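Report on the following structure.
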């Protein structure tokens, strides 16, 4: 992790602890492992933090968990193996994650933090951040476009122009 990512993550942790009580939310995550050696809370928080700084693999995430600062953030004083991340994440209850996401979204909406994401009065939030609002028919002045070749129902090649937005 770069110094800039580390600083961003430190700010994210401080903000999320203050505004969303993220450690308490993560404490509600369970993953179905019987008597886990690594608490679900530490696994869940590490996965969230890894996503925030866009860590590309579970092996790389395992390396980050060796850092004393990371261990302080997630409340677990040891390295967490990539196998543990894979095994636990496959067993996490999606409803618990949805409940936490709803809680965070309600707080963000109540605090008007999402107002700048409204388009014609409708709230638009992208969790993926890749080519949001892709359309073959509609576009706006901020849209990007490209020409693609695909096949129609008869197997003929057809060129079309999809319009989309990307995260900057």
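The values are calculated or read from the model by the stated rules, or taken from the named source; none is laboratory data. All values reported here derive from a predicted model rather than from experimental measurement. FYI the Cβ positions are ideal-geometry reconstructions off the backbone, even for glycines, and counts take in every protein chain you see.
Do we have residue 103 as under 18 Å from the mean Cα position of the chain (by Cα), more than 18 Å from residue 17 (Cβ to Cβ) and at pLDDT 85 or above here? Spell out the reasoning first.
Working: under 18 Å from the mean Cα position of the chain (by Cα): yes; more than 18 Å from residue 17 (Cβ to Cβ): no; at pLDDT 85 or above: yes.
Against the criterion (under 18 Å from the mean Cα position of the chain (by Cα), more than 18 Å from residue 17 (Cβ to Cβ) and at pLDDT 85 or above), residue 103 does not qualify.
Which residues, counting only those in the stretch 50-67, are part of a loop (DSSP other than H, G, I, E, B) and over 21 Å from residue 23 (Cβ atoms)?
Filtering the stretch 50-67 down to residues part of a loop (DSSP other than H, G, I, E, B) leaves 53-57, 65-67.
Result: 54, 56, 57.
Inside the stretch 20-39, can you point out the residues that are at pLDDT below 90 and touching a helix residue (DSSP H, G or I) at 6+ places or on another chain (Cβ under 7 Å)?
Listed by number, the residues that qualify are 20, 22, 23, 25, 26, 27, 28, 29, 30, 31, 32, 33.
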